[in-house]
Each structure stands twice: as structure tokens, then as C-alpha cells.
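Colleague: What follows is a structure written as C-alpha cells; I'll ask about it next.
A short reminder: the numbers here are calculations on the coordinates, not readings from a lab. Since the structure is predicted, the reported quantities are computational estimates derived from the model, not experimental observations. Note that each Cβ is placed from the backbone with ideal geometry, even for glycine, and that neighbours are counted across all protein chains shown.
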Amino acid sequence: MPRNSATCIICGNELSLSEMKSVLLKKGDCTGFVHMTCATTDELKECIIEIARQEKEYYEDLMKISPEFKEESIRQFEEKYGTFNEVSDYAPSDSEIIIAALLHELQKRRNH
Ligand SMILES: [Zn+2]
């Protein structure tokens with residue numbers, strides 16, 4: 001399977017990770033990618049909150065290693081979030097774009 005596609009854990013169809021139409025979702029014990037259109041409104045809301053929580057933790061961790069940026073603390077940060085080589089290997093996923101897409105999907109449902 002190409003790296004930029006996955007199987008939706010709700011409908012079982014393929015989804016493209018490069019399009020901002022899918023999101024990582026925790027469903028019971030399993031976590032996987034789903035089409036935003038397959039997720040319930042509550043699940044979309046949970047996704048937004050989860051992204052916000054993770055982003056907050058990321059920036060808090062970043063603040064913890066600054067302003068000294070000691071070698072040891074940078075190494076620990078990289079262990080948690082990945083080194084440049086590991087991170088740059090993924091398809092770029094800007095959480096702001098995903099949040100905008102999720103909010104757009106929520107608004108679309110509200111207007112129906
Ligand atoms: Zn689906």
C-alpha cells in the first residue's frame with residue numbers, strides 16, 4: 001500500500017492522506033484513519049480537541065527545553081517527536097489545515 005493512503009476504519013474504503021479529508025480517530029480500542037465524512041459530529045469534535053491537546057503538549061515540551069537547548073534535552077525531545085530525518089519523511093501535515101478542514105466539515109453539517 002502506498003504510504004500516502006490508508007484504509008478508513010469505518011467504511012473500509014481507501015483514503016488519501018495527502019488530501020485534507022481524513023483524520024486519525026480513536027474508536028474504542030483501535031486507532032486509525034477515517035474519512036471526515038464517515039465520522040460522527042461528536043467524533044469530529046473529539047478530533048479537534050485531541051489535536052489541540054497534542055499541540056499544546058508539543059509546545060509545552062518545546063518551552064521546557066528552551067532557552068538552553070541542552071544536547072540531552074534536545075535528544076529527549078527528538079525521541080518523543082522524531083528527529084528531522086524521521087519527521088521530514090512523513091507527508092507534511094499541518095495541524096492548522098486539518099483543524100480548518102474539521103471545522104469546515106462541522107459547519108457543513110450545521111447548515112443542513
Ligand atoms: Zn470512510
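Colleague: Taking the Cα atoms only, what angle lies between the long axis of helix 95-110 and the longest principal axis of the chain, rounded to 10 degrees?
Modeller: 20 degrees
Colleague: Given labels modelled 7 Å from the Cα in the Cβ direction, how far is it in nm from THR7 to PHE84?
Modeller: Calculated label separation equals 3.8 nm.
Colleague: Given the Cα-Cα distance of LYS26 and LEU62 and 0.36 nm per residue of separation, how much length would full extension add, in nm? List each step's numbers first, then the result.
Modeller: Values: separation 36, 0.36 × 36 = 12.96 nm, distance 2.55 nm.
Stretched fully, the LYS26-LEU62 segment lengthens by 10.4 nm.
Colleague: Let me ask something else about it. Using Cα atoms only, what is the angle between the long axis of helix 71-81 and the major principal axis of the chain, expressed in degrees (0 to 90) to the nearest 10?
Modeller: Orientation of helix 71-81: about 10 degrees from the principal axis.
Colleague: Take the chain, mark every one of the chymotrypsin sites (Phe, Trp or Tyr not before Pro) that falls in a DSSP loop and has at most 14 other Cβ within 10 Å, then report the longest stretch left between them, sites excluded.
Modeller: Longest site-free region, per DSSP loop and neighbour criteria: 1-68.
Colleague: Taking H as built 1.01 Å from N, whose amide H comes closer than 5 Å to the amide H of MET36, not counting residues under 5 places away?
Modeller: Residues meeting the amide H criterion: SER22, VAL23.
Colleague: Let me have the relative contact order for the chain, percent, based on Cα pairs under 8 Å that are six or more residues apart.
Modeller: Working: 83 pairs, mean separation 25.2, N = 112.
RCO, the chain: 22 percent.
Colleague: Could you give the angle, 0 to 90 degrees to the nearest 10, between helix 41-65's Cα long axis and the longest principal axis of the Cα atoms of the chain?
Modeller: 10 degrees
Colleague: In addition: With only alpha-carbon pairs counted, each pair once and no self-pairs, how large is the Kirkwood hydrodynamic radius of segment 36-88 in angstroms? Provide the component values of the computation, followed by the final result.
Modeller: Working: mean 1/r = 0.0770 Å⁻¹.
With all distinct Cα pairs of segment 36-88 included, I get 13.0 Å.
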